[in-house]
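The block underneath contains the structure these notes are about, expressed in structure tokens.
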Amino acid sequence: EAKESIIITDELTQFNIAKDGRSWSIPAHFDTYELEYREMPISGIETANTPMTFRTDDGLYGSIHEAALVDFPEMTLASKEGVLTAALAPDGPRNLEQKAIVPLNFKSPWRTIQIGRKAVDLINSSLILNLNEPCVLKDVSWIKPAKYVGVWWGMHLGLYSWGKDARHGATTERAKQYIDFAVANNIDAVLFEGWNDGWTVANADHNFDFTKPAPDFDIDDVLAYAREKGVDYIIHHETAGEVAWYEQQLEKDLDFAAERGIHALKTGYAGWLMDGHYHHSQYGVRHYAKVASEAAARKIMVDAHEPIKETGLRRTYPNFMTREGARGMEWNAWSSGNKPSHHEVLPFTRLLSGPMDYTPGIFDIEYRSIAGNPDVKVWNNTHSSKCRVNTTLAKQIALWVVLYSPWQMAADLIENYEGHPAFQFFRDFDPDCDWSEALQGEIGEYIAVARRSGGRFFFGATTNEEGRTLEQPLSFLKPGITYTATIYADAPDADWQTNPYAYAIETRAVTSADTLTVVLAPGGGQAISFIPVR
């Protein structure tokens, strides 16, 4: 039987939004999603990646995206004669005409439009997920959400290095310290980037070996210690975008992890291009799906950084737990950082597609704990002493609820959590979400979300640069039950610029009949845990 295929060079799908209004999106880019979100007129869009979210002048909300992206290049949007038109990612800079090679009989991804009368209607839709194929795994009992910690933030601050030098972050001794911290704080797992051989001081040598630990990281000793303490280990594979090389050893690398009882993997694809192909090309899309499939065969969950966009594939492969795919916390360590409003845009844009590993929870907002430390070096061209997180402390806590991920990290150095009363929220928090609802919000302004795990509820609300007060009915709680609400709030004088650390903790008894007044400082937030009274 002849195997015939066709080359796709263009797509003619168009989205004609009849009325103008405001839009929120990032520019189209075929190698990264880590770009700043823009608010602009719908009619002003030249290019955009999806989800592209908008509000028409007559108050209708909508978002354009795609679903079930498995073996096709990503879709972006480009304005042609005033109409938003699909634009497929090319194969690579040396092959701009070819977008995809497909059989004569093929399925493209879904093109989706979500519409709502309120902004939160978009968040509460399951359209993207439901357009994917059902789960292909017979056993999903091993797939479990988790809270985790690791040395990742120390590297971005320039305190530790990934490579083999005196500042190496992933050491056996430090791993055991983090495992002990996890045990003491009801945290499920630890992640150690830079654990493996191949990193250099300059981080320019990409001869990574994912079966060989660095000289000062005894992985079998660390794993034995973690098992003894009941803590899971997340292994890390940084590929630097060298996909062909990674796929040659992928099965061996995953076997290495599975044989040691490791069921969680974080991947990375830092750098431009994948073997000459764009990250978001058909070549890249196929690779991310392949990793999810091969990992599932070995009962390994996946968190991808520098990923292809989320389009609901986690319904088919629920082991594809979370991914990055936007400007995350790391940008605050070596740049002017993410604006306060970034966190009120993400739920209505990037997170409409699926979970994001944003890595929230920085308590040392101005990096006071490393001030004057001579071990801190420049990372990514900027010294961390010139940077900070544009937030209040209470907002960092609330982001654990607002920015959904079934793997949720407490990203700060563990020294900044030790003995901190506000860290009790993360100890109590459960990322295993049985139910969730966006309760109120406006794009780029504010957001309030509630989630339930078992019998407990968690609430998070955040605001942009403007302080505001929300009235929030607690009707999402189960009727007839009294809950202990522990409220982690901005103090009255809190402000993300001038007084970011000011917070207050209050405990009160509440029921579903109550309404809370939620006061948010400029750039602030509030988090609440609701624990049933026994």
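The values are calculated or read from the model by the stated rules, or taken from the named source; none is laboratory data. Keep in mind the model is a prediction, meaning the values are calculated, not measured. Positions of Cβ are generated from backbone atoms using ideal geometry, with glycine treated the same way; all protein chains shown enter the neighbour counts. With ligands, DNA and RNA removed, areas are computed over all heavy atoms of the protein, side chains included. Shrake-Rupley method; radii C 1.70, N 1.55, O 1.52, S 1.80 Å.
Has the stretch 377-384 got any residue that is assigned to a loop (DSSP other than H, G, I, E, B), closer than 24 Å to Ser23 by Cα, in contact (Cβ under 8 Å) with a residue 24 or more places away in the chain and β-branched (Val, Ile, Thr)? Within the stretch 377-384 (the criterion being assigned to a loop (DSSP other than H, G, I, E, B), closer than 24 Å to Ser23 by Cα, in contact (Cβ under 8 Å) with a residue 24 or more places away in the chain and β-branched (Val, Ile, Thr)), the answer is no, since none of the residues qualifies. Of Asp31, Asp71, Asp57, Asp10, all but one fail to be in contact with a strand residue (DSSP E or B) (Cβ under 6 Å, 6 or more places away or on another chain), acidic (Asp, Glu) and surrounded by fewer than 22 Cβ atoms within 10 Å (Cβ to Cβ); the exception is Asp57.
Which ones in the stretch 451-471 are under 21 Å from Trp496 (Cβ atoms) and within 27 Å of the chain's Cα centre (by Cα)? Within the stretch 451-471, Phe459, Gly460, Ala461, Thr462, Thr463, Asn464, Glu465, Glu466, Gly467, Arg468, Leu470 meet the criteria. The set of residues in the stretch 218-240 being within 27 Å of the chain's Cα centre (by Cα) and in a loop (DSSP other than H, G, I, E, B) consists of Gly230, Val231, Thr239, Ala240.
Determine the pairs where a residue that is under 15 Å from His29 (Cβ atoms), located within the stretch 270-288, has a partner that is of a type in the set (Ser, Thr, Tyr) and open to solvent by 20 Å² or more (accessible area, probe 1.4 Å) with Cβ atoms under 8 Å apart, the partner being 6 or more residues away or on another chain. Pairs that qualify, where the first residue is under 15 Å from His29 (Cβ atoms) and the partner is of a type in the set (Ser, Thr, Tyr) and open to solvent by 20 Å² or more (accessible area, probe 1.4 Å), are Met274/Tyr283; His277/Tyr283; His279/Thr32; Gly284/Tyr278. Quick check on my filter: what residues within the stretch 141-159 are part of a strand (DSSP E or B), within 15 Å of the chain's Cα centre (by Cα) and either under 16 Å from Arg174 (Cα atoms) or among the acidic types (Asp, Glu) (or both)? If the condition is that a residue be part of a strand (DSSP E or B), within 15 Å of the chain's Cα centre (by Cα) and either under 16 Å from Arg174 (Cα atoms) or among the acidic types (Asp, Glu) (or both), then Tyr148, Val149 are the ones that fit. Number of residues in the stretch 241-283 that are outside any strand (DSSP E or B) and either touching a Gly at 6+ places or on another chain (Cβ under 9 Å) or aliphatic (A, V, I, L, M) (or both): the value is 20.
Search the stretch 439-449 for residues being out of contact with any Gly (no Cβ under 8 Å at 6 or more places or on another chain) and outside any loop (DSSP other than H, G, I, E, B), and hand back the single one that is least open to solvent (accessible area, probe 1.4 Å). It comes out as Gly441.
With respect to the conditions (1) of a type in the set (A, V, I, L, M); (2) open to solvent by 20 Å² or more (accessible area, probe 1.4 Å); (3) part of a strand (DSSP E or B), Ala513 lacks only one, and its number is (3).
Quick grid of which residues meet (1) surrounded by fewer than 22 Cβ atoms within 10 Å (Cβ to Cβ); (2) within 27 Å of Tyr233 (Cα to Cα); (3) at pLDDT below 95:
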residue	(1), (2), (3)
Ala258	yes, yes, no
Gly261	yes, yes, no
Leu265	no, yes, no
Ala270	yes, yes, yes
His279	no, no, no
Gln282	no, no, no
Ala289	yes, yes, no
Lys299	yes, yes, no
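The residue that is nearest to Asn332 (Cα to Cα), among those in the stretch 385-406 that are in contact with a strand residue (DSSP E or B) (Cβ under 9 Å, 6 or more places away or on another chain) and in a loop (DSSP other than H, G, I, E, B), is Thr391.
For the stretch 151-192, a residue qualifies if it is open to solvent by less than 10 Å² (accessible area, probe 1.4 Å) and either on the phi > 0 side of the Ramachandran plot or touching a Pro at 6+ places or on another chain (Cβ under 8 Å) (or both), and exactly one does: Gly158. Taken together, Ala224, Ala175, Ala204 contain a single residue that is among the aliphatic types (A, V, I, L, M) and modelled with pLDDT under 95, which is Ala204. Screening the stretch 357-376 for residues that are assigned to a loop (DSSP other than H, G, I, E, B) and free of Cβ contacts under 8 Å to residues at least 24 places away in the same chain and picking the one that is surrounded by the fewest Cβ atoms within 10 Å (Cβ to Cβ) gives Pro374. Restricting the first member to the stretch 81-93 and to residues that are closer than 15 Å to Thr32 by Cα and in a strand (DSSP E or B), and the second to residues that are open to solvent by less than 30 Å² (accessible area, probe 1.4 Å) and of a type in the set (A, V, I, L, M), the beta-carbon pairs closer than 8 Å and six or more apart or on different chains are Leu88/Ile8; Leu88/Met75; Leu88/Ala100. For the stretch 338-356, a tally of residues being part of a loop (DSSP other than H, G, I, E, B) and out of contact with any Gly (no Cβ under 7 Å at 6 or more places or on another chain) returns 5. Considering the stretch 393-438, the residues that are of a type in the set (Gly, Ala, Ser) and farther than 28 Å from Asn319 by Cα include one that is surrounded by the most Cβ atoms within 10 Å (Cβ to Cβ), namely Ala394.
Rundown of residues vs (1) over 19 Å from Asp428 (Cα atoms); (2) open to solvent by 40 Å² or more (accessible area, probe 1.4 Å); (3) out of contact with any His (no Cβ under 7 Å at 6 or more places or on another chain); (4) assigned to a loop (DSSP other than H, G, I, E, B), yes/no style:
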site: Phe459; (1), (2), (3), (4): no, no, yes, no
site: Glu465; (1), (2), (3), (4): yes, yes, yes, yes
site: Thr469; (1), (2), (3), (4): yes, yes, yes, no
site: Gln472; (1), (2), (3), (4): yes, no, yes, no
site: Pro492; (1), (2), (3), (4): yes, yes, yes, yes
site: Thr507; (1), (2), (3), (4): no, yes, yes, no
site: Gly523; (1), (2), (3), (4): yes, no, yes, yes
site: Phe530; (1), (2), (3), (4): no, no, yes, no
site: Arg534; (1), (2), (3), (4): no, yes, yes, yes
